[in-house]
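No value in this document is a laboratory result; all are computed from the given coordinates. All figures in this text were calculated on a predicted structure; none of them were measured in a lab. Ideal geometry is used to build each Cβ from the backbone, glycine not excepted, and the neighbour counts take in all protein chains shown.
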Amino acid sequence: MLSGVVRALCVVGALLACTAIRAEDGYDLWLRYRAVETRWLEAYRKSAVEIIAATPSATLELAKSELVRGLGGLLGTAPAIASIPTKDGSVIIGTPRSSQLIGRLHLDLEQLGAEGYVIRSLIYGGHRVIVIAADQDIGVLYGTFNFLRLLQTRHTLQNLRLSSTPRIGRRVLDHWDNLDRTVERGYSGESIWDWHKLPDYLDPRYTDYARACASLGINGTVLTNVNGSAVSLTPPYLHKLAALADLFRPYGLRVYLTARFTAPIEIGALNTADPLDPAVRSWWRAKADEIYALIPDFGGFLVKAHSEGQPGPQDYSRTHADGANMLADALASHGGIVMWRAFVYSQDLADDRAKKAFREFAPLDGKFRPNVMLQVKNGPIDFQPREPFHPLFGAMPKTPMMLEVQITKEYLGFATHLVYLGPLFEEVLHSDTYARGEGSTVARVIDGSLFGNSNTGIAGVANIGSDRNWTGSHFDQANWFAFGRLAWDPTLRSRDIAEEWVRVTFSNDPGFVASAVEMMMGSREAAVDYMTPLGLAHQMSASHYGPAPWLTGRPQDDSTSTYFNRADAQGIGFDRTAAGSNALAQYAPAVAARFADLDQIPERLLLWFHHVPWDHQMRSGRTVWDELIIDYTRGVRTVANMRHTWSGLARWVDSERFAQVSAFLAIQEHEAKWWRDASIAYYLTLSQRPLPAGYEAPEHALQYYEALCFPYVPGTAPGASPVCK
Ligand code: BDP
């Protein structure tokens, strides 16, 4: 919407200025389709002035209307719709079944699979045309979004010969949304699912959500929290879900639900949830039948069992495999799957928390039904700013494994810190497990190529809420985008994705693009630096907002900071070598040997695997103490530089988005300094060492930081009593 001032400018004919400063609230995400610059207009108009649409289906209709909308916005005039190319510049869309024209081109589309597509420029009937074709309708929609992205990023449309097939089958967003619209670890407002008004009222935002997902190739959505209530499985809620499923279907988006393990007790009339009990098994079978009668393409269940207070099969002395297989059996005849989470760290096992999931799951390899997928977080602890890859990757060759990453920034500064997660996702995907020798990357575990499994998947914990800009901040949209792009193709580079996103979301001007991409690419490392440098982890307060490296409990309290930092007067770090917890032994020998060796371990993981004296000499020649101070400080300085960079980009950004990003960067700089100062103040009391020359002391004494209290931090459990620590 144009503000009064801007409208006045337009009226006086300052059309260019009007385009440049038009306020934007971020709702359009990366699908803004703003007019291209004059020099591109000519070229694009020659290539794309009319659309040759296929026999319509719901999905092909969406592809057509997206093209009309996209080309209309980008080129300023809506394209004509025709049935055969009558001139140069036709865009032909469809499948061999929906379009005779495409059938005649013999493009060998079956090999693209159910979701792949081609985009080709060719001569047809004497005219230069562009073909967006696929074997299935959904491929045409995906191809259409890709085609529009080419224009949005000012790609030439000459000699197009593009073919794309997703490398991962299930590309899923996990919403940790509760039925009362609170969102666990959500920092962008309420849940977008307005359950109360469903199924009768379908908020237009649902359509926009599905469209945004489809534009990236995201094809699954789990609508409910992993710590969810069984109520979502009751008939009224299944009807609500069915309404959403109907709406999402043409966008290729399947719905899934979390399944609370004790649902047969809570919403059934049973007195047990024992997975081997025949009554329990038939309850779940009947539940699955009921769901599929309403939603024939229901995706399946996501389960958090025996973790953080959630019930699970072990409550009945059964294994995770018993539990997962029971649900898998209920879903199998319908084609559904179970995504069983490996995020467990039972207090019964008094050991290194990083070892627990492996210990529980690795022995179960080969024991799961084919339609069970084990969903494993990127690292062995919990979505920290940096973790080594989870040792389960590569360790269960017979079990299809999904990677779970967090898009919402629970541990990376919520919505106000600008932290582009592409490099984090890329780092884990490229990590080499050495399970089958060099090159056995996590990406190859999850895309099925390493162990030859065809059931493949990746999940991202969504950062989406009812905030106007969807994700709580403009730059957090990039994390949803990067997740989707990497889910489609995990070999993409995060820098290229950042550049693409910057271009479609803000501006194609090279000056803007270069600066914004640099900001983004340095931002994750900055967060690591100011929060948890050199392999530290889990140093935040109990609400996960702000620093609290002093947070302590009993030695086995494995969610306290001191459990993880192990700092004392002598040194710092968690010894996970053979002399310590030996978590290293869970990795392949080549990985374990490298990480065990102080001369070979990447220093960014040093304190994750080693406890070292404060005077330990780093490769720089400095002590670990000095290096820590330098890293914390560098993190703050990087954010200050990001702020400075952003302040010079005003002329390329509308005032509304510019102002919010500026304000959030100021918050981030302030909080980065808080993280640095509080952490140093705490470690000073242990190390008793001077700060390296030129590095300033913390602004306040430790007691000041310890006394800070933030009782109503967003994203925490609904109804939880206010916490200060
Ligand atoms: C932790 C979150 C918690 C989630 C849990 C999970 O703090 O809210 O329920 O992960 O993944 O990071 O189940």
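Please report the orientation-averaged projected area of the stretch 334-387, defined via the convex hull of its C-alpha atoms, in nm².
Answer in nm², one decimal: 4.7.
Please give the Cα centre distance for the stretch 419-494 versus the stretch 657-692, rounded to the nearest Å.
29
Which percent, nearest 5, of DSSP beta bridges in the stretch 68-210 are antiparallel?
If we restrict to bridges inside the stretch 68-210, about 70 percent are antiparallel.
So what's the Cα pair-distance distribution over the stretch 281-332, bin width 5 Å, in %?
The percentages, shortest bin first, are 5, 20, 26, 23, 14, 9, 3.
Identify the residues of the stretch 277-321 with backbone N under 19 Å of a label point that sits 7 angstrom from the Cα of D348 along the Cα-to-Cβ direction, or state none.
From the stretch 277-321, the list is 277, 304-321.
Using R₀ = 45 Å, calculate the FRET efficiency as 1/(1 + (r/R₀)^6) where r is the Cβ-Cβ separation of D568 and S65; round to 0.05.
Here the calculated transfer efficiency is 0.10.
In nm, what is the difference between 0.36 nm times the number of residues separating D180 and A717 and their Cα-Cα distance?
Result for the pair: 192.2 nm of gain on full extension.
Viscosity 1.306 mPa s, temperature 10 °C: Stokes-Einstein D of the stretch 25-164 from its Kirkwood Cα radius, in µm² per second?
108
Starting from the Cα of A293, step 7 Å toward the Cβ, then list every residue of the stretch 238-255 with an amide N under 14 Å from that point.
Once the point is set 7 Å along Cα→Cβ of A293, 238-239 turn out to lie under 14 Å by backbone N, inside the stretch 238-255.
Can you show me the helix-derived [θ] at 222 nm for the chain, built from DSSP H runs with n ≥ 4 at -39,500 (n - 2.57) apiece and divided by the number of residues, rounded to the nearest 500.
It lands at -11500 deg cm²/dmol.
Can you give the relative contact order of the chain as a percent, counting alpha carbon pairs under 8 Å and 6+ residues apart?
12
What shape does the chain take by its C-alpha gyration tensor, where a ≥ b ≥ c are the square roots of the eigenvalues and a/c under 1.5 counts as rounded, a/b above b/c as prolate, and the rest as oblate?
oblate
So what are the ³J(HN,Hα) numbers for the stretch 118-130, from phi and the Karplus equation (6.51, -1.76, 1.60; θ = phi - 60°), rounded to whole Hz, Gly and Pro as x?
Values, residue by residue: 10, 10, 10, 9, 8, 9, 9, x, x, 10, 7, 10, 10 Hz.
Pairs of alpha-carbon atoms within less than 8 angstrom and 6+ residues apart define the contacts here; what relative contact order does the stretch 65-156 have, in percent?
Once normalised by length, the contact order is 29 percent.
Just report the Cα centroid separation between the stretch 218-249 and the stretch 631-656, whole Å.
Between the Cα centre of the stretch 218-249 and that of the stretch 631-656, the gap is 40 Å.
Over the C-alpha atoms of the stretch 170-502, what are the Rg and the largest Cα-to-Cα span, Dmax, in Å?
According to the Cα coordinates of the stretch 170-502, Rg and Dmax are 18.8, 55 Å.
Per 0.36 nm of contour for each residue apart, how much would the distance between A78 and D194 grow if the chain were fully extended, relative to their Cα-Cα spacing?
Gain on extension, A78 to D194, equals 38.4 nm.
If one computes the Cα centroid of the stretch 536-555 and of the stretch 101-127, what distance in Å separates the two points?
For the stretch 536-555 versus the stretch 101-127, the Cα centre distance is 56 Å.
Computed over the Cα atoms of the stretch 256-386, what is the ratio Rg over Rh, Rh following Kirkwood?
Rg/Rh: 0.98.
Between T645 and A23, how many nm apart are label points set 7 Å from Cα along the C-beta direction?
2.8
Using only the Cα atoms of the stretch 397-538, what do you get for the radius of gyration and for Dmax, in Å?
Over the stretch 397-538's Cα set, Rg and Dmax evaluate to 16.0, 49 Å.
Tell me the trypsin sites (Lys or Arg not before Pro) within the stretch 374-446 that lie in a loop according to DSSP and have at most 15 other beta-carbon atoms within 10 Å.
In loop regions of the stretch 374-446 (DSSP not H, G, I, E or B), the sparsely surrounded trypsin sites (Lys or Arg not before Pro) are K398, R436.
Loop sites only, by DSSP: take the chymotrypsin sites (Phe, Trp or Tyr not before Pro) in the chain that have at most 11 other C-beta atoms within 10 Å and name the longest stretch containing none of them.
For chymotrypsin sites (Phe, Trp or Tyr not before Pro) (loop position, at most 11 other Cβ atoms within 10 Å), the longest site-free span of the chain is 202-711.
Report, in debye and to the nearest 20, how large the dipole of the chain comes out about its Cα centre when Lys and Arg carry +1 and Asp and Glu carry -1 on their Cβ.
1580
Sum up the charges of everything whose Cβ sits under 13 Å from the Cβ of L418, counting Lys and Arg as +1 and Asp and Glu as -1, but leave L418 out.
Around L418, the surrounding residues sum to -1.
Given the stretch 170-502, what percent of its DSSP beta bridges are antiparallel, to the nearest 5?
Counting only bridges with both partners in the stretch 170-502, antiparallel ones make up about 5 percent.
Any idea what the dipole of the stretch 545-626 comes to, in debye rounded to 20, about its Cα centre with Lys/Arg Cβ at +1 and Asp/Glu Cβ at -1?
140
What's the magnitude of the charge dipole for the stretch 170-502 around its Cα centre, counting Lys and Arg as +1 and Asp and Glu as -1 at the beta-carbon? Answer in Debye, nearest 20.
That gives a dipole near 440 debye.
Mean projection of the alpha-carbon convex hull of the stretch 555-649 over all orientations, in nm²?
8.5
Have a look at the DSSP beta bridges in the chain and tell me what percent are antiparallel, nearest 5.
Rounded to the nearest five, the antiparallel share is 30 percent.
Note down the net charge around A357, summing +1 for each Lys or Arg and -1 for each Asp or Glu among other residues with Cβ under 15 Å from its Cβ.
Result for the local shell: -2.
Stretch R154-R495 to full length: gain in nm at 0.36 nm per residue minus the Cα-Cα span?
Residue separation times 0.36 nm, minus the Cα-Cα distance, leaves 121.0 nm.
With 10 angstrom as the radius, rank K64, K46 by how many other C-beta atoms surround their C-beta, starting from the fewest.
If I rank by nearby Cβ atoms, fewest first, I get K46, K64.
What is the local net charge at L179, summed over the other residues whose Cβ is closer than 14 Å to its Cβ (Lys, Arg +1; Asp, Glu -1)?
Once all neighbours under 14 Å are counted, the net charge is -2.
Give me the distance in nm between label points sitting 7 Å out from Cα along the Cα-to-Cβ direction at E603 and S620, one decimal.
It works out to 0.6 nm between the two label points.
Which is farthest toward the positive dipole end of the stretch 25-164 among G113, L71, S163, measuring Cα position about the Cα centre, with Cβ charges +1 (Lys, Arg) and -1 (Asp, Glu)?
L71
Looking at G437, A650, A596, which one has the Cα that reaches farthest to the positive end of the dipole of the chain (charges on Cβ: Lys, Arg +1; Asp, Glu -1)?
Of G437, A650, A596, it is A650.
Place +1 on the Cβ of every Lys and Arg and -1 on the Cβ of every Asp and Glu in the stretch 59-213, take the dipole about the Cα centre, and give the residue among I138, H175, P204 whose Cα lies farthest towards its positive end.
Looking along the dipole axis, the top candidate is I138.
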